[in-house]
Amino acid sequence: MKIKDVKVCILRIEGTNCEDETCAAFRLIGTSPEIVHLKQLTGPCPADLRRNLNDYHILVIPGGFSAGDYVRAGAIFAARMKSTLSDDLKKFVHAEKPIIGICNGFQVLVELGMLPALDGVMSDSAQAALATNESGRFECIPTLLKVESEGKCVFTRKMKRGKIVMFPSAHAEGKFMLPAGREEYLLAKLEENDQIVFRYVDEVGSYAGYPWNPNGSLKNIAGICNPLGTVLGLMPHPERAFFRYNHPDWTRTRLSPEDPGDGRAVFESVVEYVTKKF
């Protein structure tokens, strides 16, 4: 498949606010992205606006504050998706088509039961949570991440394990948590399955607390994938580090502002996977 034939569905509802940046990132890679409202996939819209999820090769749930983050961040978006799109989402994953949830999108995937998905493609109930930051406030800062994936995750195959990258964070509910009493067991399963993709680190690559870990996530976890490696959720925003000039220190690096930022590899990795797979 040629890159220009890769169709990307960037899914939004009311409150989503990072769809344009995410769409631009995929467009700049050379794919054919489209911003699609949930209602366009579920039917209550004019016929000419109707879309079918199976026509796309990549599904993206971007950041923002879907449905105003009422109830819990991502909960309403997830409930609407689960009630109307469960079968299509399962088919999408079974076809090994990739899905990425960024920030609010990560929260949605966890609420859907699509991450960590240790007992199937979509769990009946959430197996993890993204809780209120330990600081008790919205954190909007550059964050350093260490790539932990050993190669399973299709979104990081162009990133070497151990590499430190900078993606900005902007969230109030990003503290990754697992059920009390099962933390050690579930952590061991995530490690065994190579599902921990990113961890927060300091400038020398060591796991550290606040502000390096902006939310207090368990074991500094910033992003995980499903057991297949085709569904990724992460709190920091790779689309906001697409160019070198998106980095706060770019003027000191002597690199061109148009050079690749750290986030571009996420988009290049998944597009390369799709062009080879389909």
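Laboratory data are not the source of any read-out in this text; all were calculated from the coordinates shown. All figures in this text were calculated on a predicted structure; none of them were measured in a lab. Virtual Cβ from ideal backbone geometry, glycine too; neighbours counted across all protein chains shown.
A few notes on this one:
- Conditions (1) more than 19 Å from the chain's Cα centre (by Cα); (2) under 27 Å from Ala78 (Cα atoms): number failed by Met177: (1)
- Unmet requirement for Cys225, which otherwise passes all of (1) more than 16 Å from Pro116 (Cβ to Cβ); (2) touching a residue at least 40 places away in the same chain (Cβ under 8 Å): (1)
- Restricting attention to the stretch 248-261, the residues being in contact (Cβ under 8 Å) with a residue 40 or more places away in the chain and either part of a helix (DSSP H, G or I) or under 15 Å from the mean Cα position of the chain (by Cα) (or both) number 0.
- Looking across the stretch 25-42 at every residue that is more than 17 Å from Ile102 (Cα to Cα) and in contact with a helix residue (DSSP H, G or I) (Cβ under 7 Å, 6 or more places away or on another chain), the one that is surrounded by the most Cβ atoms within 10 Å (Cβ to Cβ) is identified as Thr31.
- Residue satisfying condition, being within 23 Å of Asp259 (Cβ to Cβ) and of a type in the set (Val, Ile, Thr), within set Ile35, Ile13, Ile29: Ile29
So that you can scan it fast, the table gives a plain yes or no per residue for (1) under 15 Å from Phe106 (Cβ atoms); (2) touching a Cys at 6+ places or on another chain (Cβ under 8 Å):
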position: Ile13; (1), (2): no, no
position: Glu21; (1), (2): no, no
position: Ala24; (1), (2): no, no
position: Leu53; (1), (2): no, yes
position: Gly64; (1), (2): yes, yes
position: Val71; (1), (2): no, no
position: Ala75; (1), (2): yes, no
position: Met81; (1), (2): yes, no
position: Ser86; (1), (2): no, no
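- Answer residue from the stretch 64-75, given it is touching a residue at least 40 places away in the same chain (Cβ under 8 Å), assigned to a helix (DSSP H, G or I) and touching a helix residue (DSSP H, G or I) at 6+ places or on another chain (Cβ under 7 Å) and is surrounded by the most Cβ atoms within 10 Å (Cβ to Cβ) among those: Ser66
- Search result, residues across the stretch 76-106 that are assigned to a helix (DSSP H, G or I), within 27 Å of Lys4 (Cα to Cα) and basic (Lys, Arg): Lys90, Lys91
- Annotation: of all residues in the stretch 92-145 being among the acidic types (Asp, Glu) and in contact (Cβ under 8 Å) with a residue 40 or more places away in the chain, the one that is surrounded by the fewest Cβ atoms within 10 Å (Cβ to Cβ) is Glu96.
- The stretch 1-24, residues that are touching a helix residue (DSSP H, G or I) at 6+ places or on another chain (Cβ under 7 Å) and either without any contact (Cβ under 8 Å) to a residue 40 or more places away in the chain or in a strand (DSSP E or B) (or both): Lys7, Val8, Cys9, Ile10, Leu11, Arg12, Thr16
- Scanning the stretch 87-123 for residues that are among the acidic types (Asp, Glu), more than 20 Å from Arg72 (Cβ to Cβ) and touching a helix residue (DSSP H, G or I) at 6+ places or on another chain (Cβ under 6 Å) yields one hit, Asp88.
- Single residue of the stretch 6-24 satisfying the filter (of a type in the set (A, V, I, L, M) and buried (at least 17 other Cβ atoms within 10 Å of the Cβ)) that is farthest from Phe92 (Cα to Cα): Ile13
- Within the stretch 208-247, the set of residues being under 16 Å from Leu190 (Cβ atoms) and assigned to a helix (DSSP H, G or I) comprises Leu218, Lys219, Asn220.
- Restricting the stretch 186-226 to residues that are within 30 Å of Val93 (Cα to Cα) and among the charged types (D, E, K, R), the residue that is surrounded by the most Cβ atoms within 10 Å (Cβ to Cβ) is Arg199.
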